[in-house]
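K.L.:
Below is a structure I'd like to ask you about.
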There are 2 protein chains.
Amino acid sequence: LRPRGKVLPEYARAHNRALVLQTLYDAERLSRADLARETGLTRVTISDLVAELISDGLVAVRGHREGSRPGKPAVMLEIDATAHQVIGLDLSEPDRFRGAILDLHGVILHTDQVPLNGSTGDDALAKAVELLDLLRQRTTRPVLGVGVGSPGIVDLAGIVLSAPNLRWTDLPLQQVLEYSSGLPVQVANDANTAALAEHTFGDGFGDVMLVKIGRGVGAGLLIDGVPLFGSRFAAGEIGHVVVDAEGGAPCACGKSGCLETWMSVPSLRAALAEADAAFAEAAAEADAEADAAPSDRDRRRVAVLRAAGEHLGIALAPVVGALNLSEVVLSGPSELLDGPLLDAVIRTVRARTMAEFHGELTVRMATNPDDVVLRGASVLVLADQLGVS
Amino acid sequence: LRPRGKVLPEYARAHNRALVLQTLYDAERLSRADLARETGLTRVTISDLVAELISDGLVAVRGHREGSRPGKPAVMLEIDATAHQVIGLDLSEPDRFRGAILDLHGVILHTDQVPLNGSTGDDALAKAVELLDLLRQRTTRPVLGVGVGSPGIVDLAGIVLSAPNLRWTDLPLQQVLEYSSGLPVQVANDANTAALAEHTFGDGFGDVMLVKIGRGVGAGLLIDGVPLFGSRFAAGEIGHVVVDAEGGAPCACGKSGCLETWMSVPSLRAALAEADAAFAEAAAEADAEADAAPSDRDRRRVAVLRAAGEHLGIALAPVVGALNLSEVVLSGPSELLDGPLLDAVIRTVRARTMAEFHGELTVRMATNPDDVVLRGASVLVLADQLGVS
């Protein structure tokens, strides 16, 4: 590992504090002796750090170890998930901005939303400020910070470099929201935010790619738990990768056969509507001949979903191969994704990569697609304020 | 960033020592005051560390700063690249194992080789041991360590999990070579090793994907300068990603249209030979009609190379898109790769990704394809023994 900077005593203390919090997050309940053993820190250091964390309201005493050996039973500690709150914003939905108040375990305590009514630019920004203000008034505990999942390309300073649907260019979203709320704010791309939620609250660990299917198609990548940003903060922008140069439909970007022409929610809905129309026409003709086939409608819909899944699989196979990914997660409308489409993705990726390397590859739906950005936004705050993930 | 373990005083010292070495590697020549400024460490700490590094023979005094202001001119320090040597082995070539003695700047001082004569398994292992022994006898300075680029899947302990061409399975190569030589040994996949060389000695920085084209096709990936291994140490194994499910040739792996059927050196040579034969046949016919076209041979060869490049581009586009890569480097026979094939890769990747994100993408040949694994092997040793990259 390449050294990045000097190690200072204050850094060491912050590092050790984060290490204790991380260990408590992972293990749920531990004694001071457990913590010393797990972290390798001395008991004196642990006692000192734990006292500080209890006084900060981040760690709480929760009884004694059950079934302890004779003698003084060990005092058990855990994260005090409810003494602080976190605000999460999801700016990636088509028609509204949605926000939540969460506890430190990412449990949603309250949600609010502001309809967009087609707002873009400064109007859309004003609605984000409004939503954050609404939520801040509803918090009932000290607020650790605000996490925001934004569409588009977001740099490390929380500047939205480009979010075409909201017509945001070089918008210092993090700064604006910090100024308006007086709270620390972290902004990241919505798919990256969602990937953080799956990594932190799901069963997965290590490398994960989350593909978020909505108005467009984007992905969030975590390598060994760390978000990947790319050379120009555009990692995961796979929506305009061409998957079918010859047979593809024209795309808004000017190319043909982009992944979005197959996989965005509007593209999927349009293709299904077309299949339904073709069925209706065929049924009308068949009726005339008294030879209707009602299951034919489903068959046509399944063919549409399968073709879309195959094209997503074609785009994913080289990425799965190059990164030797263990987990791909799809997030978006379950009624479209969870079924023939997901099956086709799995089949296509398996058929196009080496089974011996990727036999354990998991391709699955996100655990809670609707809230995944909000919960990931809370992880941004935990990482920024407490150094845990 | 997630904390990985406690910060100990010894760790801090090793970290600071590596930081001083890294700073000297990057800057070439610095005074003690420069080092203090660049690293943020105190002058006392710097003096202490520099004294230790000079006594270890890793840093040397090289005169005084030219054109200094009046007063005592600053003593200049640099890496003492020639006081130690490093041994590198490249086990990835088809017919031989090749090795080199290098200085600490990755300059090759001496090379040796052992012909394989079709050896596999323990016989091939014995030849690697023999080559290392040969090289060790030729070293003229204390040896810092041995770096090895091996084909196949290599885990973090230097065990070759699978290298089909050498018939190696779960071979503890690092351990065997350490035992036989008495030197510290680091083993990594050949493409990863080559990527390290390009990153360390080339102009590139940040993320890089090196595609190594030989008997097979494999890639090495560095994300922010750190090698990516994947969930089962098989990151970069893109040779058996299917790029043409319908039109592809059958592959040894059982699938059809794998990237290797287009891009491996044997596949390229076979396709060129076929094009030459087709030309000869056409020329014979044309001769009969007194209508020969000599440039037609070149045209056929260019078409073969272009088609191969296009298929590599098809495989790379989703990876470039997902990772927002800034640099792709090809390593292999220049007479095959550097020309219409490279041009077709660039054109295809550009046509299949978003220009606004990837406009600055560089696709180029490796700076010194023949020695890239040997030089990368020396980087493995520098990283392991000195903490620099």
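K.L.:
To one decimal in nm, how far is B:A270 from the same spot in the other copies, if labels go 7 Å from Cα toward Cβ? Please give the shortest first.
P.N.:
Here B:A270 shows inter-copy label distances of 4.3 nm.
K.L.:
Quickly estimate the mean residue ellipticity at 222 nm for chain A, helices only: each DSSP H run with n ≥ 4 gives -39500 (n - 2.57), and the total goes over all residues, rounded to 500.
P.N.:
Calculated from helices alone, the mean residue ellipticity at 222 nm is -13500 deg cm²/dmol.
K.L.:
In peptide A:251-261, what is the residue-averaged number of other protein chain Cβ atoms found within 10 Å of each Cβ?
P.N.:
The per-residue average across the peptide is 1.
K.L.:
How are the alpha carbon pair distances in the range A:115-154 distributed across 5 Å bins from zero to the largest one, expressed in percent?
P.N.:
Bin by bin from 0 Å, the calculated values are 5, 18, 25, 24, 16, 9, 3.
K.L.:
I want the local charge near B:A157. Using Cβ-Cβ distances under 13 Å, sum +1 for each Lys or Arg and -1 for each Asp or Glu among the other residues.
P.N.:
Spelling it out: positives minus negatives among the neighbours equals -4.
K.L.:
Moving on to the next point. Quick check: net charge around B:S378, other residues with Cβ under 12 Å of its Cβ, Lys/Arg +1 and Asp/Glu -1?
P.N.:
-3
K.L.:
Hey, another quick one. Measuring label to label, 7 Å along Cα→Cβ, what does B:I54 give against each other copy in nm, shortest first?
P.N.:
5.2
K.L.:
Here is a follow-up. What translational diffusion coefficient, in µm²/s and rounded to a whole number, does the Stokes-Einstein relation yield for chain A at 20 °C and a viscosity of 1.002 mPa s, taking the hydrodynamic radius as the Kirkwood radius over Cα pairs? Numbers along the way, then the final one.
P.N.:
Values: Rh = 23.0 Å.
It comes out at roughly 93 µm²/s.
K.L.:
Between rounded, prolate and oblate, where does the range A:107-214 land on the alpha carbon gyration tensor, with a ≥ b ≥ c its root eigenvalues, rounded for a/c under 1.5, else prolate if a/b exceeds b/c?
P.N.:
Note, shape of the range A:107-214 comes out oblate.
K.L.:
Note the angle between two axes, namely the Cα long axis of helix B:265-288 and the longest principal axis of the Cα atoms of chain B, as a number of degrees from 0 to 90, rounded to the nearest 10.
P.N.:
Value to nearest ten degrees: 30.
K.L.:
Give me the one-decimal Kirkwood hydrodynamic radius in Å for the range A:79-128, with the sum taken over alpha-carbon pairs.
P.N.:
11.9
K.L.:
Something else: Just need the Rg to Rh number for the range B:9-153, please, alpha carbons only, Kirkwood Rh.
P.N.:
When Rh is taken as the Kirkwood radius, the ratio is 1.13.
K.L.:
With both partners inside the range B:85-188, how many of the DSSP beta bridges are antiparallel, as a percent to the nearest 5?
P.N.:
65
K.L.:
Please state, as a whole number in µm²/s, the translational diffusion coefficient that the Stokes-Einstein equation yields for the protein assembly as shown at 20 °C and 1.002 mPa s, with Rh defined as the Kirkwood radius across alpha carbon pairs.
P.N.:
This corresponds to a translational diffusion coefficient of 74 µm²/s.
K.L.:
A follow-up question, please. For B:M365, which sequence-distant residues (separation of 5 or more, or a different chain) have an amide H within less than 5 Å of its own amide H, given hydrogens modelled in the peptide plane?
P.N.:
The answer is B:L330.
K.L.:
Also, quick follow-up: Among B:G145, B:L161, B:V114, whose Cα sits farthest toward the positive end of the charge dipole of the range B:72-176 (+1 at Cβ of Lys/Arg, -1 at Cβ of Asp/Glu, about the Cα centre)?
P.N.:
Final value for the positive-end residue is B:G145.
K.L.:
Spin-label point model (7 Å from Cα, Cβ direction): what's the B:R269 to A:E281 distance in nm?
P.N.:
Computed distance between label sites B:R269 and A:E281 equals 5.5 nm.
K.L.:
Separate question: How high is the relative contact order of chain B? Use alpha-carbon pairs under 8 Å, at least six apart in sequence, and give a whole percent.
P.N.:
Computed value for chain B: 15 percent relative contact order.
K.L.:
Counting only the backbone N, which residues of the range B:309-332 are under 13 Å from the spot 7 Å out from the Cα of A:C253 toward its beta-carbon?
P.N.:
B:317-325
K.L.:
Right, next: Which shape class, rounded, prolate or oblate, goes with the range A:334-387 when its Cα gyration tensor gives a ≥ b ≥ c as root eigenvalues, a/c under 1.5 marks rounded, and past that a/b bigger than b/c marks prolate?
P.N.:
Oblate, because a/c is 1.5 or more while a/b does not exceed b/c.
K.L.:
For the range B:337-346, what does the Karplus curve 6.51 cos²θ - 1.76 cosθ + 1.60, with θ = phi - 60°, yield as ³J(HN,Hα) per residue in whole Hz, taken in order and with x for Gly and Pro?
P.N.:
Working through the residues one at a time gives 8, 8, x, x, 5, 4, 4, 5, 4, 4 Hz.
K.L.:
For the range B:25-89, run through the trypsin sites (Lys or Arg not before Pro) and keep only the ones in DSSP coil with at most 15 other Cβ atoms within 10 Å of their Cβ.
P.N.:
Within the range B:25-89, the qualifying trypsin sites (Lys or Arg not before Pro) (loop, at most 15 other Cβ atoms within 10 Å) are B:R29, B:R65.
K.L.:
Same structure, new question: Working from Cα positions, state the angle (0 to 90°, nearest 10) between the long axis of helix B:9-27 and the longest principal axis of chain B.
P.N.:
60
K.L.:
Regarding the range B:52-106, what is the average projected area of its C-alpha convex hull, in nm²?
P.N.:
Mean projected area for the range B:52-106: 5.6 nm², to one decimal.
K.L.:
Only bridges whose two residues both fall in the protein assembly as shown count here: according to DSSP, what percent of them are antiparallel, nearest 5?
P.N.:
Antiparallel bridges: around 65 percent, rounded to the nearest 5.
K.L.:
Taking the label point 7 Å from Cα in the Cβ direction, how far apart in nm is A:D95 from each other copy of itself, listed shortest first?
P.N.:
7.0
Any read-out appearing in this document is the output of simple, stated calculations on the displayed coordinates, not a laboratory observation. Predicted model, so just to flag it, every value in this text is computed and none were measured. Ideal geometry is used to build each Cβ from the backbone, glycine not excepted, and the neighbour counts take in all protein chains shown.
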